[in-house]
1. Kindly provide the helix-only [θ] at 222 nm of chain A, computed as the sum of -39,500 (n - 2.57) over DSSP H runs of four or more divided by all residues, to the nearest 500 deg cm²/dmol?
2. How would you rank A:ASP266, B:ASP26, going from fewest to most other Cβ atoms within 10 Å of each one's own Cβ?
3. Per residue of A:6-13, what is the mean number of Cβ atoms on other protein chains within 10 angstrom of that residue's Cβ?
4. When only C-alpha pairs under 8 Å and at least 6 residues apart count, what is the relative contact order of segment B:182-297, in percent?
5. Say the dipole of segment A:222-291 comes from +1 at the beta carbon of Lys and Arg and -1 at that of Asp and Glu; which of A:GLY284, A:GLY258, A:ALA222 then lies farthest toward its positive end?
6. Counting alpha carbon pairs within less than 8 Å and at least 6 residues apart, what relative contact order, in whole percent, applies to segment C:2-299?
7. Using Cα pairs closer than 8 Å and at least 6 residues apart in sequence, work out the relative contact order for segment C:74-156, in percent.
8. Which distances, shortest first and in nm, link A:ALA143 to the matching position in the other copies, using label points set 7 Å out along Cα to C-beta?
Amino acid sequence: VTLTGSAEMGIFDNDNPAQNVQFHTDIDVTFTLSGETDNGLTFGANIDLDESIGDNNDDDGLGESAATRDDSQHGGAVIFISGNFGTLTMGDTDGALDWALQEVLFNSGSLQDNEEHGGYNGNAGLDGDYDGQILRYDNTFGAFGVAVSAEISDADVANDDPILGLGLTYDLDLGGTAIGFGLGYQTRDDDEAIGLSIDAAFANGFAAGISYEDQEISGNAAASYDHVGIGVGYTTGAISLHANYGKFDFDNGSETDGFGLTAGYDLGGGASIQFGYGSTDAPGTAGDLDTFSLGVAMSF
Amino acid sequence: VTLTGSAEMGIFDNDNPAQNVQFHTDIDVTFTLSGETDNGLTFGANIDLDESIGDNNDDDGLGESAATRDDSQHGGAVIFISGNFGTLTMGDTDGALDWALQEVLFNSGSLQDNEEHGGYNGNAGLDGDYDGQILRYDNTFGAFGVAVSAEISDADVANDDPILGLGLTYDLDLGGTAIGFGLGYQTRDDDEAIGLSIDAAFANGFAAGISYEDQEISGNAAASYDHVGIGVGYTTGAISLHANYGKFDFDNGSETDGFGLTAGYDLGGGASIQFGYGSTDAPGTAGDLDTFSLGVAMSF
Amino acid sequence: VTLTGSAEMGIFDNDNPAQNVQFHTDIDVTFTLSGETDNGLTFGANIDLDESIGDNNDDDGLGESAATRDDSQHGGAVIFISGNFGTLTMGDTDGALDWALQEVLFNSGSLQDNEEHGGYNGNAGLDGDYDGQILRYDNTFGAFGVAVSAEISDADVANDDPILGLGLTYDLDLGGTAIGFGLGYQTRDDDEAIGLSIDAAFANGFAAGISYEDQEISGNAAASYDHVGIGVGYTTGAISLHANYGKFDFDNGSETDGFGLTAGYDLGGGASIQFGYGSTDAPGTAGDLDTFSLGVAMSF
């Protein structure tokens, strides 16, 4: 059992007229468990202190989820077993679509994750439509990677087919420029999601990526969308910069887009100064929603 | 402060018509604290991460127990001080009856504890009739062991006598066969519980045990019962097997019995494959309740 | 990430006619995170397991605070960065008034903090009038110490000025007798608090202190008061003793006073026997409220 930790202190504003600029503090500790069987399989698990164990706010914000007691909920835990056959992971982990696609975030991030604005898509696909307790198998064959995943309905009800996913990745090295391709697909009854990403890391410190996801939820145009996201990053010495833009085109005709910016300065030893800015233009709101955060992020 | 951990991944079914076969994930970390005084007393405590500190679901499932703040609740903690005089333990620990009796479980267990079916009795006696915060003294004199325990009512109400317990154990070695005897008694006002267990571990990998408990709760025939449980285990190489049967004869005339099976395969390094099956025949239900689980259990 | 721990076992009585003398158990583990930047700044953070992370009982006792998720709440965490410029601390930490004043407690303490009776004042000043998430800068210049602090209102409402504080300390060494002076001031809109403390540690094992605080809450005479507290301590070999007296004179004419006693015996290795007694004379109650606790406290 090994421990790692993180902490943050700073200020932020979330553009809420009922709130002032506020102090930001955050801390977490991660427990990493690892072992090896007699015939060389590795196995392990991890859990964060703030999950410990099962987010008590998980279900309804009033009473508590029973995740602590209920092993049919992931409770924030990730457990795996790995060997020549590949890796089998269960718990609070990515489905195959999310696993395959590269998010368009680069570099330092920010205290309030402002770069993940309302037009940003983490490409989770159908993950979490049930309880988010996912089983994924993944493996690599040279430059190719493949994953399959399943999330099952605990309740025996109508339309309770498992969410099945398939993900493919391919890594290409063009003389110092590393290019990654990701393709993912998920389906459950009449719902489906398909996504694609391409990202590149250049030798001069630049990085860039684009992702596309098309999600169709049967009979729910407001939850069905096309999304495109693009992002760039640049690192030079202690300084890191990032910008991204993303846009949802919902099937009901509405659109939400936004952009995010981060800037970081690495103090060394695990500490860095982080600035983040996010702006969202959502339908039905006057003006944009602009948020920022600034402070020190520490890792231990 | 030392850390140990456990994790499980697998599938289970609990024979609930409203539920499917489900994924199972579980994880925990135990904090063990230990020290020694100048004159050689040892002392220590332990707490699990998932208790941390005080199960928030403890009292009513809606709001929270105040166990985290309320030192009049054990909150999952066990604290002890030990020396030539014996060991004094306080907190979430066994009363003297449970301490003395050997449960009829052997070997690997299962992810969902399916072997602890509805006819199974852990021989807790009157433990937990108040808040489960127990003080126990135990000591050994050669092959004899003795324990006394108390659990007190925090509330000053009628019939709030402490739950007092006495436990005796005796270990016998018959040329490679280790035999254990346990006898326990608890009382509180007009309630009482008495229990007895005998278990044997044979040199060839077999183990077997039987336990009996008679519990009389004044004016509550549905909570008063005789119980008998028998169990066997066998270990050979990496394989371990277990079966147990138990039956409650309630004073109101109803009966509940059931059996449990486990099979385990030790992968080494702390990992093992575990299968469990449990079947319960309870009054007023059509057919048996059959549950199973299968997966990998890991210790770190 | 380093771990330290504490545990307690014993008995206590809180003079509540609806309750008996009760068992006391307590345990906690502290996670300490520390690092150093390339240019020699030190930084770190700490959190207790029982906070982990954000006391779920924090806001209303029924549902949960969102402290776990909400970085605008301190959630029990303390985070700092320190260098030649001084130390900047944010989170669940003291404002400048509390930082400057020495409490009149000495020596071992007790399991139930009985010495902090109803007439006792921890000199928190205006800390916590908002969400208790405090930013403090402090530094030392030879024997002088200085701190400034701010606590801001997350909500943008009327009378939401920050709580600002200033604290000054001075340490004097009179040939083996260490004398400390503390002076603190806090203000927010029309509210203010001012406090003063003097304490002395004598070479023969005696210690003594006095503190004074005047707190004026605009339009709330029941929360406005003058308070005086005095305390003494004595340590010889393994034995430590303490007594304190304190009195609130509220602006509405009522008074609350009380005294506290502790006695400790150090067993070595981190364990000690602790006894505590507290007595409070509050307006509107017949007789005094007398509490005690007795048991073993352990540190790891």
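1. Working: 1 runs with 5 residues, N = 300.
Only helices count here, giving -500 deg cm²/dmol.
2. Numbers: A:ASP266 18, B:ASP26 26.
Listing A:ASP266, B:ASP26 from fewest to most nearby Cβ atoms yields A:ASP266, B:ASP26.
3. Details: counts 2, 14, 5, 13, 4, 3, 2, 0.
So the per-residue partner count for this stretch is 5.
4. On the way: 273 pairs, mean separation 16.9, N = 116.
For segment B:182-297, the relative contact order is 15 percent.
5. Towards the positive end, the residue furthest out is A:GLY258.
6. Normalised by residue count, the contact order of segment C:2-299 is 17 percent.
7. Numbers: 125 pairs, mean separation 28.6, N = 83.
About 34 percent, as a whole number.
8. The answer, with the shortest distance listed first, is 7.4, 7.4 nm.
Here, each number is a calculation from the coordinates, and none is a lab measurement. None of these values were measured; they are calculated from a predicted model. Ideal geometry is used to build each Cβ from the backbone, glycine not excepted, and the neighbour counts take in all protein chains shown.
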